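These notes concern the structure reproduced below.
The values are calculated or read from the model by the stated rules, or taken from the named source; none is laboratory data. Treat the numbers as computed from the prediction; the structure is a model and nothing was measured. Quick reminder, even Gly has a Cβ in these numbers, built from the backbone with ideal geometry, and neighbours come from all protein chains shown.
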């Protein structure tokens, strides 16, 4: 077995680790609303979401994967670039998860690819058309998600008045479950393809896959698609409860009505983007949908938490790019020194990541914070944890 093949296998594993972090980092996209409104038992919610994450494997294509695969031009794509980009994205996912901040895994991997690409080949190494498409998604998805959720809230209100149903009526909880399933499906459909795109770019650069007859589409092997969907589903199953806590309990007071509206907004943005091959942030779509539903419902929004969340969004691409840029240059050190420095970084970071996963909140901790149904209709300011406080360590 030659060294190139060994490196490719190792990086495929690293890519799937990123996919796993994507799963638990973004589990809150659909889980947060059903947890906050008790539409589904807290301990069952991740399994519910993971199942629909994986279901997307049988339905969607590879348009998003191709956008990601072409972010760095093939001539400059290689082992070092992929390693630096993946490490940066994984590091940013763990840091923001530990802080309970719902940032974008998608933008982290795009930032990592851009930073590594700049380090190895300068501005000419980047396919700016692909970056521009991702940049458009940064702006478009939150606007669409917020707007649709806001409007959907009024449509839900109309149904509520027409049939004289309370905020947590079983009908709305049923609608919430259906819409949450759609969000989970959309998350799997869009986000699993990002890992597929990274692996496809690596395989293309190493000569283990090729372009289709049109000369533009990267052929994604079936094992890549299957493993990517499995990894993101497993990550979702693990939970990532700190971000679920933030999105479900610290942005606004959710009911089955507003949870349904939020999921409709997120689903619209995700499905629309996936259809056109745009790698949006499903986290941005889900979070802004919750904000839109909170504003539309009149329950208020914790703007302090939202402000910190937006700062994390703004910092994601440049931070991931900077980490990848540094890691790429570390691979260019003399061989022995490069192995020592990078090995020390990987061991140190890996040890901290394992420690963080072992010392975090779990389903039972979040369940204890979820308001009982008899207090869900109280004003936002009556709940101190929802006003002026960030994630609780």
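Report, by residue number, each residue of region 220-254 that is over 30 Å from residue 210 (Cα atoms) and over 15 Å from the mean Cα position of the chain (by Cα).
Looking only at region 220-254, we keep the residues that are over 30 Å from residue 210 (Cα atoms), and these are 236-254.
The answer is 245, 248, 249, 250, 251, 252, 253, 254.
Need the failing condition index for residue 391 against (1) more than 23 Å from the chain's Cα centre (by Cα); (2) over 21 Å from residue 297 (Cβ atoms); (3) at pLDDT below 55, just the number.
Every listed condition holds for residue 391 apart from (1).
Keeping to region 358-375, report how many residues are free of Cβ contacts under 8 Å to residues at least 24 places away in the same chain and either over 30 Å from residue 246 (Cα atoms) or surrounded by 12 or more Cβ atoms within 10 Å (Cβ to Cβ) (or both).
Total meeting the criteria: 0.
Which residue pairs have Cβ atoms under 6 Å apart, sit 6 or more places apart or on different chains, and have a first residue in region 327-338 that is over 22 Å from residue 109 (Cβ atoms) and a second that is surrounded by 10 or more Cβ atoms within 10 Å (Cβ to Cβ)?
As it stands, the answer is 338/331, since those pairs meet every condition given.
Taking residue 103 as the residue in question, decide whether it is touching a helix residue (DSSP H, G or I) at 6+ places or on another chain (Cβ under 6 Å), at pLDDT below 90, closer than 30 Å to residue 254 by Cα and not in a helix (DSSP H, G or I).
When the stated conditions are applied, residue 103 passes them.
Which pairs turn up if I take residues in region 145-165 that are free of Cβ contacts under 8 Å to residues at least 40 places away in the same chain and on the phi < 0 side of the Ramachandran plot and look for partners that are in a loop (DSSP other than H, G, I, E, B) and surrounded by 15 or more Cβ atoms within 10 Å (Cβ to Cβ) with beta carbon separation below 8 Å, at least 6 apart in sequence or on another chain?
159/165
Looking at region 1-73, what helices (runs of 4 or more DSSP H) fall wholly within it and have at least 2 residues that are in contact (Cβ under 8 Å) with a residue 40 or more places away in the chain, farther than 22 Å from residue 105 by Cα and touching a strand residue (DSSP E or B) at 6+ places or on another chain (Cβ under 8 Å)? Full working, then the answer.
Values: elements: 3-26, 28-36, 45-55, 63-69.
Once the helices (runs of 4 or more DSSP H) in region 1-73 are filtered for at least 2 residues that are in contact (Cβ under 8 Å) with a residue 40 or more places away in the chain, farther than 22 Å from residue 105 by Cα and touching a strand residue (DSSP E or B) at 6+ places or on another chain (Cβ under 8 Å), nothing remains.
Within region 190-199, is there a residue that is over 16 Å from the mean Cα position of the chain (by Cα) and in contact (Cβ under 8 Å) with a residue 60 or more places away in the chain? Can you show your working first?
Filtering region 190-199 down to residues over 16 Å from the mean Cα position of the chain (by Cα) leaves 199.
Imposing the further condition that a residue be in contact (Cβ under 8 Å) with a residue 60 or more places away in the chain reduces the set to 199.
Yes, region 190-199 has at least one match.
Mind checking which pairs have a first residue in region 81-105 that is in contact (Cβ under 8 Å) with a residue 24 or more places away in the chain and at positive phi and a second that is in a helix (DSSP H, G or I) and buried (at least 24 other Cβ atoms within 10 Å of the Cβ), Cβ under 7 Å, 6 or more apart or different chains?
Partner pairs satisfying both residue conditions: 100/242; 100/243; 100/246.
Of 65, 84, which residue is buried (at least 19 other Cβ atoms within 10 Å of the Cβ) and at pLDDT below 80? Spell out the reasoning first.
On the way: 84 fails: at pLDDT below 80.
Unique residue meeting the criteria: 65.
Would you point out which residue out of 189, 91 is in a helix (DSSP H, G or I), closer than 24 Å to residue 16 by Cα, out of contact with any strand residue (DSSP E or B) (no Cβ under 6 Å at 6 or more places or on another chain) and modelled with pLDDT under 85?
Values: 91 fails: modelled with pLDDT under 85.
Every option except 189 fails the conditions.
Only one residue in 318, 334 is modelled with pLDDT of 90 or more and either under 16 Å from residue 262 (Cβ atoms) or out of contact with any helix residue (DSSP H, G or I) (no Cβ under 8 Å at 6 or more places or on another chain) (or both), so which one is that? Outline the logic, then answer.
On the way: 318 fails: either under 16 Å from residue 262 (Cβ atoms) or out of contact with any helix residue (DSSP H, G or I) (no Cβ under 8 Å at 6 or more places or on another chain) (or both).
Answer to the check: 334.
Any chance you could count how many residues in region 199-250 are under 30 Å from residue 291 (Cβ atoms) and either at pLDDT 85 or above or part of a helix (DSSP H, G or I) (or both)? Spell out the reasoning first.
At the first step, the residues of region 199-250 found to be under 30 Å from residue 291 (Cβ atoms) are 228-229, 231-250.
Right, trim to either at pLDDT 85 or above or part of a helix (DSSP H, G or I) (or both) and you get 228-229, 231-238, 241-250.
Of the residues in region 199-250, 20 are under 30 Å from residue 291 (Cβ atoms) and either at pLDDT 85 or above or part of a helix (DSSP H, G or I) (or both).
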